[in-house]
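Engineer: Here it is: the structure, laid out below.
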Amino acid sequence: MSITILGIESSCDETSVSVCRDGKILNNIIATQSVHVEYGGVVPELASRAHLRNIIPTLKSCLNASQTPLSEIDAVAYTQGPGLLGALLIANSFSKALAYALDKPIINVNHLKAHILSHFIDEPKPVFPFLCLTISGGHTQIVKISDPYSMEVIGQTQDDAVGEAFDKGAKLIGLSYPGGPLVDNNATKGNSERFTFPESSVDGYDFSFSGIKTALLYFLRDHLKDDPKFIEENLYDICASYQGALVNMLFKKLEKAARQEDIDQIAIAGGVSANSEIRRRLKEHEESHGWSTYIPKFEYCTDNAAMVAMAGFYQYLKKDFGQYTDTPMPRMSF
Ligand code: KG4
Ligand code: ZN
């Protein structure tokens, strides 16, 4: 008997719907919101309204493209949290209403676990146990995964997420939002050793990214005092050096965790895993550290419903269903 799961994601600024049949993703439609660009960051109320406008057209195009009538859906999986409350509310209420109308169960999915399960969409899949560095605009974690149902956070940021450090740094440099991809792009033409930024040191496998952002602020302010064209004339090297320091901090902790936990299966997930320097360093570690590394396809790195449908599939096998009365959980933990 085949199992068909509808996945719905609306935790931040991506409205996405996907269909998963027997653990295979049939398709994954993502409606990205451009309304936030002029504000330099995601505006929660605008995100919520855009989800409301997008959710039905996104669902329709997903069902059409995958040739799946609603009658074939066995359960509706949606992101319950963590995320923005107003944004989460849309998938939560929509999924509950749809599941109720279809008389099917709902499945409450944790967005961060879903990012990790994006590694099970395509081949090759990581071998258990593996470590996943989840890096996004809201989260920075090292997670130890023993099987799809046993995930343990062994390290995390104590303040800003690394995506936030990219975006806030980009803003200071004068780049638009989201700045992560722009820093990445400019950095490819720059020298990462030209400038030095202080890398934080925190215990264990934890991270801290707020100090480096302040260091960049003072660094730019001091140089601009003497030379108003400093950023313009040094843009590539500033981006490369700032990005280099962020990536160094990530890899120090990842290397430490891999060594101490004695695990050489290393995965990355979340929007920041699109970063070209992180991808290059990861590949380099296959040779230098004997790691087997796993990076999801680009469309599964940023927020998407395919990972939610995949998480829903695993939860369906365990009959891990929610209630029609369940509410969104903006601070949902593991
Ligand atoms: O996972 P995601 O799509 O949304 C969240 O759940 O946060 O991640 C978005 C984050 C943003 O901070 C964005 O700047 C960052 O991912 N990002 C990048 C790159 N592409 C996206 N950061 C650095 N380099 C990139 N190429
Ligand atoms: Zn995410």
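Engineer: Could you work out which residue, out of Asp160, Asp303, Asp122, moves most in a Gaussian network model of the chain, that is, has the largest mean-square fluctuation with Cα springs under 10 Å?
Structural biologist: Asp122
Engineer: Another question, then. To check my understanding: the extent here is largest minus smallest coordinate of the Cα atoms along each principal axis. What are those three numbers for the range 62-142, in Å, largest first?
Structural biologist: Reported extents, whole Å, longest axis first: 39, 32, 21.
Engineer: How large is the Kirkwood hydrodynamic radius of the chain, in angstrom, based on all distinct alpha carbon pairs?
Structural biologist: About 20.5 Å, per the Kirkwood formula over Cα pairs.
Engineer: Amide H to amide H, which residues 5 or more places from Ala161 or on other chains are under 5 Å from it, using H placed in the peptide plane?
Structural biologist: When sequence neighbours closer than 5 places are left aside, there are no close amide H contacts.
Engineer: Now for a separate question. Which longest uninterrupted range of the chain lacks any trypsin sites (Lys or Arg not before Pro) assigned by DSSP to a loop state (not H, G, I, E or B) and surrounded by at most 12 other Cβ atoms within 10 Å?
Structural biologist: Answer from the scan: 1-188.
Engineer: Rg over Rh of the range 274-325, using C-alpha atoms and the Kirkwood radius, what does it come to?
Structural biologist: Checking Rg against Rh, the ratio lands at 1.20.
Engineer: Of Ile145, Ile231, Ile268, which has the largest mean-square fluctuation in a 10 Å C-alpha GNM of the chain?
Structural biologist: In this elastic network of the chain, the residue with the biggest mean-square fluctuation among Ile145, Ile231, Ile268 is Ile231.
Engineer: Per 10 Å bin, what percent of the C-alpha pairs of the range 6-53 does each bin hold, from zero upward?
Structural biologist: Bins of 10 Å from zero give 26, 44, 21, 8, 0 percent of pairs.
Engineer: Specify the residue with the greatest mean-square fluctuation among Tyr314, Tyr149, Tyr205, computed from a Gaussian network of the chain linking alpha-carbon atoms under 10 Å apart.
Structural biologist: Of Tyr314, Tyr149, Tyr205, the Gaussian network model singles out Tyr149 as fluctuating most.
Engineer: Something else: Mind checking the dipole of the chain: about its Cα centre, +1 per Lys or Arg Cβ, -1 per Asp or Glu Cβ, Debye to the nearest 20?
Structural biologist: Dipole magnitude for the chain comes out near 540 debye.
Engineer: Once R0 is set to 51 Å, what does the formula 1/(1 + (r/R0)^6) return for the Cβ-Cβ distance between Asp326 and Glu284, expressed as a FRET efficiency to the nearest 0.05?
Structural biologist: Once rounded, the FRET efficiency stands at 0.70.
Engineer: So what's the gap between the Cα centers of the range 289-304 and the range 144-174, to the nearest angstrom?
Structural biologist: Spelled out, the Cα-based centre of one part sits 15 Å from the other.
Engineer: Something else: Counting C-alpha atoms alone, how compact is the range 148-267: give Rg to one decimal and Dmax as a whole number, in angstrom.
Structural biologist: 15.8, 56
Engineer: Could you check what % of the DSSP bridge pairs in the chain are antiparallel, to the nearest 5?
Structural biologist: Percent antiparallel among DSSP bridges in the chain is about 60.
Engineer: Quick one: Karplus J couplings for the range 94-104, per residue in order, coefficients 6.51, -1.76, 1.60, θ = phi - 60°, nearest Hz, x for Gly and Pro?
Structural biologist: Once θ is set to phi - 60°, the couplings for the range 94-104 become 5, 5, 5, 5, 5, 4, 5, 5, 8, 6, 10 Hz.
Engineer: Calculate the dipole size of the range 137-185 relative to its Cα centre from +1 charges on Lys and Arg beta carbons and -1 charges on Asp and Glu beta carbons; express the result in debye to the nearest 20.
Structural biologist: 120
Engineer: For the range 302-307, what does the Karplus curve 6.51 cos²θ - 1.76 cosθ + 1.60, with θ = phi - 60°, yield as ³J(HN,Hα) per residue in whole Hz, taken in order and with x for Gly and Pro?
Structural biologist: Each residue's phi maps through the Karplus curve to give 7, 4, 7, 8, 4, 5 Hz.
Engineer: Still on this structure, I have one more. Over 18 Å between C-alpha atoms is what I'm after, so list which of Lys104/Lys318; Lys113/Lys144; Lys168/Lys189; Lys144/Lys319; Lys168/Lys225; Lys125/Lys283 land there.
Structural biologist: Table pairs above 18 Å Cα-Cα are Lys168/Lys189; Lys144/Lys319; Lys168/Lys225.
Engineer: Any idea what Rg and Dmax come out to for the range 29-181 if you just take the C-alpha atoms, in Å?
Structural biologist: Cα only, the range 29-181: 17.6, 52 Å (Rg, Dmax).
Engineer: For the range 242-334, which semi-axes, largest first and in whole Å, follow from the square roots of 5 times the eigenvalues of its Cα gyration tensor?
Structural biologist: 31, 16, 14
Throughout, read-outs are computed from the coordinates displayed, never taken from laboratory work. It should be emphasised that the depicted structure is a prediction, and the values quoted were computed from it without experimental measurement. All Cβ positions, even for glycine, are placed from backbone atoms using ideal geometry, and neighbour counts span all protein chains on display.
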